[in-house]
1. Can you pull out every residue in the stretch 72-112 that is surrounded by fewer than 16 Cβ atoms within 10 Å (Cβ to Cβ), outside any helix (DSSP H, G or I) and either within 16 Å of ligand 2 (Cβ to nearest atom) or not small (G, A, S) (or both)?
2. Outside any helix (DSSP H, G or I), within 30 Å of N21 (Cβ to Cβ) and charged (D, E, K, R), is that true of E434?
3. Residues S536, S515, S478: which one is without any contact (Cβ under 8 Å) to a residue 12 or more places away in the chain and hydroxyl-bearing (S, T, Y)?
4. Taking the stretch 483-501 on its own, how many of its residues are in contact (Cβ under 8 Å) with a residue 60 or more places away in the chain and in a loop (DSSP other than H, G, I, E, B)?
5. What number of residues within the stretch 411-420 satisfy the criterion of being surrounded by fewer than 22 Cβ atoms within 10 Å (Cβ to Cβ) and at pLDDT 95 or above?
6. Would you check if Q3 is away from ligand 2 (no atom under 16 Å from the Cβ) and either touching a helix residue (DSSP H, G or I) at 6+ places or on another chain (Cβ under 8 Å) or closer than 23 Å to E246 by Cα (or both)?
7. Within the stretch 11-29, how many residues are within 16 Å of ligand 1 (Cβ to nearest atom), assigned to a loop (DSSP other than H, G, I, E, B) and of a type in the set (A, V, I, L, M, F, W, C)?
8. Just give me the residues in the stretch 30-49 being within 16 Å of ligand 2 (Cβ to nearest atom) and part of a loop (DSSP other than H, G, I, E, B), in sequence order.
Amino acid sequence: MKQFQNSTVYQIYPKSFCDTNGDGIGDLRGITEKLDYLHDLGVDYLWITPFFRSPQRDNGYDISNYREIEPMYGSMQDLDVLIARADSLGIGLMFDMVFNHTSTEHEWFQKALQGDKRYMNYYIFRDGDPETPPTNWISKFGGSAWEYVPHLKKWYLHLFDKTQADLNWENPEVREELKEILRFWKNKGVKGFRFDVINLISKPEQFEDDHIGDGRRFYTDGRNVHAYLQELHRDAGLGDVLTVGEMSSTTLENCIRYTDPAQQELDMSFSFHHLKVDYRDGDKWKLQPVDYRKLKDLLETWQLGMQENHGWNALFWCNHDQPRTVSRFGDEGTYWKKSAKMLGTLMYLMRGTPYIYQGEEIGMKNAGFTSIDQYRDVESLNYYQILTKNGLSSEEALHILSQRSRDNGRTPMQWEPGTNAGFSEHMPWIGISENAQGVAVNTQLNDSDSIFSYFQKLIALRKKSDCIANGKIEFIASEREDVFCYRRKLKMQEIIVICNLTAAPVKADFQTQLSGMTRILGNDPNSTLLNNNVLSPYEAVVYQTATTK
Ligand code: GLC
Ligand code: CA
């Protein structure tokens, strides 16, 4: 039986994790080399973002062969060693299945381009005149979502980059191909899958212009998506592996259906509403300080909504598409360590399965890039153009990128202090964070007060506490904006988590709730919560009933 209620997943972005052959690019051997570190941290699964054959326009999310490894990451033999070594440490690997689209270099698309009818039907081609795309939909990376192919006199749909052509899931042959890929990796001993933007796979029957938005309402959580996931679950045997779906602009109702075990679709889902609380007017490229009131409301709504309806959340603050957690929601300066620990406590003891992104366990910070040449990400480069074309100065555009670029989460893992951060012997493919100083694995490993040590304790706590894994959640002090508190409950066991979201001390009277309970974790050894009713800046503390095992 697969277990995920008490498990923790760690996300690896292989390009930036560890380079073993000195070419400046992380590789599969680098992951194998660091397995002991990950085992020491205590994680159960590794989600590794795509390392399959790919022209790397979108760093591997543009796959040209799903069964081969991109040579710069290593060989199939390297992968076999990684799977076997991970297995011997009790760590399961989760691979990233990018099934909404393929690279335009994929053999299927290449055949489609040659006019092969069978393969044209693998994608979404539409007739049209060269001047007007079939609809006015906007790609997630900017510009039209359609690209014209002159010799075919047709347009093809790409919700992302123009080199990422959307697959036609209506075609049963496409679905069979994808199931085969899942079986192939399952046979190799893979223990789970993360499905990339999986709620975008079902497109509408008729394509029409969107006069109020960018087109997403026509294909997000589309009409056949639940049926397709059920079919995949049944035919590819997804019941024996851990599955998580990345859901773009989704709804609670849909995520309940995706993850209710009775539906036989997926085990859990990523949703992103709580990561848009610093977008002005819902626009990622317009800055606004974090709205903590909104953050609390969203987390509570999703926690309670999923709980009441048998759904299951993936719990996360960060991934390879997001700015760094501590820079965004905490404090990079004075309260760096304390706020990083608080954010971990807040998120990872809720009901769901934690996903910790590489470097989060040591409090890595945003990239701090100040020149456009430092950026690598296709989305960032596109939006720099768009923002400056729309009238922003280069300085203003760069300021926005410094807060919003996906490259903030993609700078190399900081293993040691110094040049190249112990990531590589060579200049890395993307610069080390300008804010790397004082943030490294090797200085935190044997420091019992480090962020790393604290994350070890958090992960261990989830593993041994039934109440955290399986208990109910209810929120305390919901009306307050400055604290985030909740109770987990299982039979007679009870756990209370209290976090100060601010950089100031706050008054908090928890005497009644905490009476008879024991403190089991916290980031302030001199806490005055119990004797003075005050939480110190960014304080986090966890209490449990004496009966909790
Ligand atoms: C997901 C991935 C992102 C990628 C996109 C297109 O959002 O996390 O990195 O660019 O899908 O595949
Ligand atoms: Ca390498």
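1. S75, L89
2. Yes: the conditions hold for E434.
3. Every option except S515 fails the conditions.
4. Total satisfying the criteria: 1.
5. Residues flagged as surrounded by fewer than 22 Cβ atoms within 10 Å (Cβ to Cβ) and at pLDDT 95 or above within the stretch 411-420 amount to 4.
6. Against the criterion (away from ligand 2 (no atom under 16 Å from the Cβ) and either touching a helix residue (DSSP H, G or I) at 6+ places or on another chain (Cβ under 8 Å) or closer than 23 Å to E246 by Cα (or both)), Q3 qualifies.
7. Total satisfying the criteria: 1.
8. Hits for the stretch 30-49 are K34, T49.
The values are calculated or read from the model by the stated rules, or taken from the named source; none is laboratory data. Treat the numbers as computed from the prediction; the structure is a model and nothing was measured. Cβ: placed from backbone, ideal geometry, glycine included. Neighbour counts: every protein chain shown. Calculation scope for accessible area: heavy atoms of the full protein, side chains included, ligands and nucleic acids excluded. Shrake-Rupley method; radii C 1.70, N 1.55, O 1.52, S 1.80 Å.
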